[in-house]
Every structure is written in structure tokens, then in C-alpha cells.
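Participant: Starting off with a structure, shown below.
The values are calculated or read from the model by the stated rules, or taken from the named source; none is laboratory data. Given the structure is predicted, the values throughout are model-derived calculations rather than measurements. Cβ placement follows ideal geometry from the backbone for every residue including glycine, while neighbour counts extend to all protein chains displayed. Heavy atoms of the whole protein, side chains included, go into the accessibility calculation; ligands, DNA and RNA do not. Shrake-Rupley method; radii C 1.70, N 1.55, O 1.52, S 1.80 Å.
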Amino acid sequence: MTSADAPSPLPDPPITAVAPALGRSVGHGMSWMVVATAATKGLAFVAQVVLGWLLSAGDFGVYALAIAASGIALVFRDGGAKELLIQRGSKDYPMIAGPLFWMAVAINIATAALLAAAAPLVAHIYGDSRLTSMLVVIAISLPLGTPAAILQSKLRMEMRFGEVGKIAIGSAVVRNALTIALAAAGLGPMSFVLPLLAIAVYEGAASWVYTHDHVWARYARPALWPGFLSRTLWLMLGMLANLMVDWGSYLAVGLFVSLAEVGIYS
């Protein structure tokens, strides 16, 4: 066979058109993420200034203790399902989204129950009964936030960062506006945690609007859960270590100084 008789090579795939489109899509999404980060930080700063006028140092101290105490439970939230979904990618999503969602629901309910049960003991140790109700509210928010956690992972793996950024901005507005309104109404440190319930509902609804994925209608397949957890256990333990570095000092300081001093420290 001569070179003239040889078959012509197949043409290269038309990546020149795909790459710029993908680049524009990712760039647009990342621009939204930058805007979302700036907006959430800016809103949080303004809210902290306003709350500094409305609440006492002791109120901030109770909140710091509540977050630190609940954080030990919160590191196990979702059982690492979000990270595992993103790591496995869109190809495996249809097969594992349902089992991971229901595993996260089960873990979040169990974590919430343990946190609520421990709330009176924590309140007794630190001598403030308000910690009980605050920890119970945080516990209730855990299972409520499961749909948002899974559906936002889907958005991230599809590189739909624009939608993720819009949800984050809306969440920041809900959180800070409600916190300020509740503080102005005289609810004290409860102003920090009650918005968590509204945020969980809002983020779940917004995430579904963008994905239209009825992930809760998929099969649970609990036989797969141990395998999932074996892959996320070290991730959760690492998060626990980071939390103790960031928040553990509040738990220690709270044993020896007043709540006002804890608030100033936090």
C-alpha cells in the first residue's frame, strides 16, 4: 500500500470551540464566587458592628460556648458525604447520590439526638441554662440542612459556581438580617442560632430550584454506608482536630472566667 492509498487520519476533535466556552463558564462562576465571598464577609462585618450595640459581651460568650460545644458533633455532619460526592464526580452521582443522602440523613439525626441529649449537661457545666435551648436549635438544624449539602455538592461537581455563589449571598442576607432583627427584638444569644433553621430551609429550596434533583426519592442502599464511612472517617477526624484548634480554647476558658470575658475573647 502506497502513501497515496493509506486512509486519511481522522480529524482532531473540535476542542477549540469547547475550551473557550468551558473557560467562560468557569470564569463566570468563579466571578460569582468572588462576589459571594466579598458580600458574605462584608455583611458579616456590618452585622457584627450592629450586634455589638444590641447584645452584651456575655451574649457573645454564650454563643461562643454553644458553637464550640456543638462543633464536636458538627464535624460528623453528613458523614463526609459532600466531599465523597465531589471526589467521585458526576459519572458516579446517579449511583451513589441516594445512598449518600440517606446515610447523611441518618448520621445527622443521630448526631442531633446526641447533641440535644448533651445540651443540659453542657449548660450545667458552664452555668447558663440558655445553652440548652441554643444547642437544641443547632441540633434541629442538622437534619434540615441535609438536602442543601448534597444538592450543592452536585452544583460544585458540575462547576456551576455561579449558582453556588448566589445561594451563598442569599444565605448571608437571611442569616445577618434575621440575627439583627431577633437581637433587636430582645432574644439575646438565641438571635445567633435561630436563623440556622431558616438558612437550612432556604438553602435546601434554592439548591433544589437550581438542580431539580429529587435526591430523597433515590434508594438508600444502607449496605453501602460502611464502605462510604471507611473512606471519610479520617476526613472527619481531621476536621475534629482543626475544630479543637480553632474553638477548643473557648471551652477551656469558659471554665475559669465569666461569660462576658469569653465573649470579649471570642
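Participant: Which of the residues that make up segment 71-92 are more than 13 Å from THR111 (Cβ to Cβ), in a helix (DSSP H, G or I) and among the acidic types (Asp, Glu)?
Facilitator: GLU83
Participant: Need pairs with beta-carbon distance below 7 Å; first residue open to solvent by 30 Å² or more (accessible area, probe 1.4 Å) and within segment 84-107, second small (Gly, Ala, Ser); sequence gap 6+ or separate chains.
Facilitator: Between residues of segment 84-107 that are open to solvent by 30 Å² or more (accessible area, probe 1.4 Å) and residues that are small (Gly, Ala, Ser), the close pairs are ILE86/SER153; TRP102/ALA220; ILE107/GLY79.
Participant: Please list, ordered by first then second residue, the pairs with beta carbon atoms under 8 Å, 6 or more apart or interchain, first in segment 190-207 and farther than 22 Å from LEU155 by Cβ and in contact (Cβ under 8 Å) with a residue 60 or more places away in the chain, second among the aromatic types (Phe, Trp, Tyr) and open to solvent by 50 Å² or more (accessible area, probe 1.4 Å).
Facilitator: PHE192/TYR63; VAL193/TYR63
Participant: Report, by residue number, each residue of segment 123-135 that is more than 23 Å from ASP78 (Cα to Cα) and touching a residue at least 40 places away in the same chain (Cβ under 8 Å).
Facilitator: If the condition is that a residue be more than 23 Å from ASP78 (Cα to Cα) and touching a residue at least 40 places away in the same chain (Cβ under 8 Å), then ILE125, TYR126, ASP128, ARG130, LEU131 are the ones that fit.
Participant: Turning to a different aspect of this structure: Can you tell me which residue is farthest from LYS82 (Cα to Cα) among those in segment 177-190 that are in contact with a Ser or Thr (Cβ under 9 Å, 6 or more places away or on another chain) and assigned to a helix (DSSP H, G or I)?
Facilitator: ALA184
Participant: Looking at ILE67 and the list (1) under 17 Å from LEU197 (Cβ atoms); (2) open to solvent by 10 Å² or more (accessible area, probe 1.4 Å); (3) free of Cβ contacts under 8 Å to residues at least 60 places away in the same chain, which single condition is not satisfied?
Facilitator: Only one criterion is unmet by ILE67, namely (3).
Participant: Would you point out which residue out of ILE167, ILE180, ILE150, ILE138 is open to solvent by 30 Å² or more (accessible area, probe 1.4 Å) and touching a residue at least 24 places away in the same chain (Cβ under 8 Å)?
Facilitator: After ruling out the rest, the residue left standing is ILE180.
Participant: Please pick out the residue among TRP208, TRP225 that is of a type in the set (A, V, I, L, M, F, W, C) and within 26 Å of ALA116 (Cα to Cα).
Facilitator: TRP225
Participant: Of the numbered conditions (1) modelled with pLDDT of 90 or more; (2) open to solvent by less than 50 Å² (accessible area, probe 1.4 Å), SER129 satisfies every one except a single condition; which is it?
Facilitator: Just one mismatch for SER129, condition (2).
Participant: Additional query: Out of segment 206-233, which residues are surrounded by 13 or more Cβ atoms within 10 Å (Cβ to Cβ) and among the aliphatic types (A, V, I, L, M)?
Facilitator: If the condition is that a residue be surrounded by 13 or more Cβ atoms within 10 Å (Cβ to Cβ) and among the aliphatic types (A, V, I, L, M), then ALA206, VAL215, ALA220, LEU224, LEU229, LEU233 are the ones that fit.
Participant: With the structure loaded, tell me whether ALA113 is open to solvent by less than 20 Å² (accessible area, probe 1.4 Å) and part of a helix (DSSP H, G or I) or whether it fails that test. Don't jump to the end; show me each part of the working.
Facilitator: Values: open to solvent by less than 20 Å² (accessible area, probe 1.4 Å): no; part of a helix (DSSP H, G or I): yes.
Considered against the rule, which asks whether it is open to solvent by less than 20 Å² (accessible area, probe 1.4 Å) and part of a helix (DSSP H, G or I), ALA113 comes out as no.
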